[in-house]
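J.: My questions all concern the structure below.
The values are calculated or read from the model by the stated rules, or taken from the named source; none is laboratory data. Because the structure is a prediction, the values reported are computed rather than measured. Neighbour counts run over all protein chains shown; Cβ positions are idealised from the backbone, glycine included.
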Amino acid sequence: MGTAHLQIDLGALAANWRALDAASGPDVETAAVVKADGYGLGIAPVATTLRDAGARTFFLAVAEEGAAARAALGPDAAIMVFSGHMPGDAPLLREHALIPMLNSIEQMTRHFEALPGHPFGVQLDSGMNRLGLEPVEWAAARDLVMAQRPVHVMSHLACADDPADAANARQRDAFRSLTEGLGVPLSLGATGGVLLGRDYHFDVTRPGIGLYGGLPFAEARAVVRLTAPVIQVRDVAPGEIVGYGGTWRAERPTRVATLSAGYADGIIRAMGNRARLWHGATPCPLVGRVSMDLLTADVSHLPEVPEALDILGPQGGIDDLAEAAGTIGYEILTALGARYHRTYL
Ligand SMILES: *Cc1c(COP(=O)(O)O)cnc(C)c1O
């Protein structure tokens, strides 16, 4: 097989949902964020696994993601859309029974005119300044909006991956005062918010990255394994270069393996000369630049010529690889390419 192999452990995904669900009280509903094609792992297998684990409410980024999610989940799941009701969304929202989280007065006007009586939620800005009604807008609109009976009111934490950040408590308190006495299910916390504790759980939590095995859920089980086949191995003499631009030069006789995966597959170019691949528990440093379809790694220290190396595996997960590229596990997952041979366990 010429392409790298991406193994997605759906049992680990379900276990991560159950672990995050157990981190909040029995009266708190644990939803699941499955935007961006289930963080790059495939909306249908991801969503159905989480539904079978017990999730009832699912969050997407945009209405365009709704058709695939609804097809996978069937009619009973609640599917919510963070970006709200954008121009032209009405047919999608109606056809797939999606619930937009309305972010502005403009979106509310659009929604109430285009889809009167269609369920909606409200997103409030509690300090992140990204999406949601500002507190002054909410103060003015609250009574009118509540009369239309929203099914959910939410906000989002900017700094929840750092429990010590004072912004967390500020946002929690702001959200509390904005939602006092509403009598509607409330949500504030994503993965980070679940881990911040009870005060941040409200009625519904919205974990994403922790389900897929990423930080800040340090106890998460790894969900992905990515193994690239070795196409060719060569011995490089001292002074010779490897790869585009000759950014790596052998200082001693070096055995270099060329593997099938590159930046077109989401192996971010900034990892060149920085990341490590793995042969079992033995690290093999990337040497030279990452090409579109190829990687080169130093395998001099291996007792035999390897058939394949792990890019993601038991030794190095998404957050380790992210660190080598100066990014985060979220970007590693969502960048995973379409070219891999995918197996769901
Ligand atoms: C992406 C997202 C989430 C999930 O966040 P994680 O950090 O992946 O758990 C929750 N809520 C909102 C509004 C989001 O955009």
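J.: From ALA47, ALA67, ALA15, ALA63, grab the single residue that is of a type in the set (A, V, I, L, M) and touching a Pro at 6+ places or on another chain (Cβ under 8 Å).
T.: The conditions single out ALA63.
J.: Taking segment 116-144 on its own, how many of its residues are over 20 Å from ASN168 (Cβ atoms), of a type in the set (A, V, I, L, M, F, W, C) and either within 16 Å of the ligand (Cβ to nearest atom) or buried (at least 17 other Cβ atoms within 10 Å of the Cβ) (or both)?
T.: Total meeting the criteria: 4.
J.: Another question, then. Kindly provide the set of residues from segment 309-339 that are away from the ligand (no atom under 16 Å from the Cβ) and part of a loop (DSSP other than H, G, I, E, B), ordered by number.
T.: Those that are away from the ligand (no atom under 16 Å from the Cβ) and part of a loop (DSSP other than H, G, I, E, B): GLY313, PRO314, GLN315, GLY316, GLY326, GLY337, ALA338, ARG339.
J.: If we keep just the residues of segment 26-39 that are in contact with a helix residue (DSSP H, G or I) (Cβ under 7 Å, 6 or more places away or on another chain) and not in a strand (DSSP E or B), which is nearest to VAL81 (Cα to Cα)?
T.: Among those residues, the one meeting the criterion is LYS35.
J.: Something else about it: For segment 45-68, what are the residues that are part of a helix (DSSP H, G or I) and closer than 21 Å to VAL224 by Cα?
T.: Listed by number, the residues that qualify are PRO45, VAL46, ALA47, THR48, THR49, LEU50, ARG51, ASP52, ALA53.
J.: Just wondering, is there one or more residues in segment 118-125 that are over 27 Å from GLY25 (Cα atoms), of a type in the set (A, V, I, L, M) and assigned to a strand (DSSP E or B)?
T.: Scanning segment 118-125 turns up no residue that is over 27 Å from GLY25 (Cα atoms), of a type in the set (A, V, I, L, M) and assigned to a strand (DSSP E or B).
J.: Out of GLY262, GLY213, GLY192, GLY239, report the one residue that is away from the ligand (no atom under 16 Å from the Cβ) and within 21 Å of GLY326 (Cα to Cα).
T.: Just a single option satisfies the conditions, and that option is GLY262.
J.: So, in segment 43-101, how many residues would count as being surrounded by fewer than 23 Cβ atoms within 10 Å (Cβ to Cβ), in contact with an Asp or Glu (Cβ under 9 Å, 6 or more places away or on another chain) and of a type outside the set (A, V, I, L, M, F, W, C)?
T.: Number of matching residues: 7.
J.: Can you tell me which residue within segment 145-169, out of those that are part of a helix (DSSP H, G or I), under 23 Å from GLY193 (Cα atoms) and of a type outside the set (S, T, N, Q), is nearest to the ligand (Cβ to nearest atom)?
T.: ALA167
J.: Among the residues of segment 71-79, is there at least one that is touching a helix residue (DSSP H, G or I) at 6+ places or on another chain (Cβ under 8 Å), part of a loop (DSSP other than H, G, I, E, B), more than 16 Å from the ligand (Cβ to nearest atom) and closer than 29 Å to GLU106 by Cα?
T.: The answer is yes; a qualifying residue exists.
J.: So, in segment 213-251, exactly how many residues are outside any loop (DSSP other than H, G, I, E, B), within 27 Å of HIS5 (Cα to Cα) and charged (D, E, K, R)?
T.: 3
J.: Same structure, new question: Answer yes or no as to whether ALA32 is surrounded by fewer than 24 Cβ atoms within 10 Å (Cβ to Cβ) and at pLDDT 95 or above.
T.: No, not satisfied.
J.: If you don't mind, another one. List every residue pair whose Cβ atoms lie under 9 Å apart, where the two residues are 6 or more positions apart in sequence or sit on different chains, the first residue falls within segment 277-306 and is under 11 Å from ARG255 (Cβ atoms), and the second residue, located anywhere, is acidic (Asp, Glu).
T.: Between residues of segment 277-306 that are under 11 Å from ARG255 (Cβ atoms) and residues that are acidic (Asp, Glu), the close pairs are CYS284/ASP298; VAL287/ASP298; SER300/ASP235.
J.: Just one of ARG225, ARG198, ARG172 is out of contact with any strand residue (DSSP E or B) (no Cβ under 6 Å at 6 or more places or on another chain) and either away from the ligand (no atom under 16 Å from the Cβ) or among the polar types (S, T, N, Q) (or both); which is it?
T.: Within the list ARG225, ARG198, ARG172, the selection yields ARG198.
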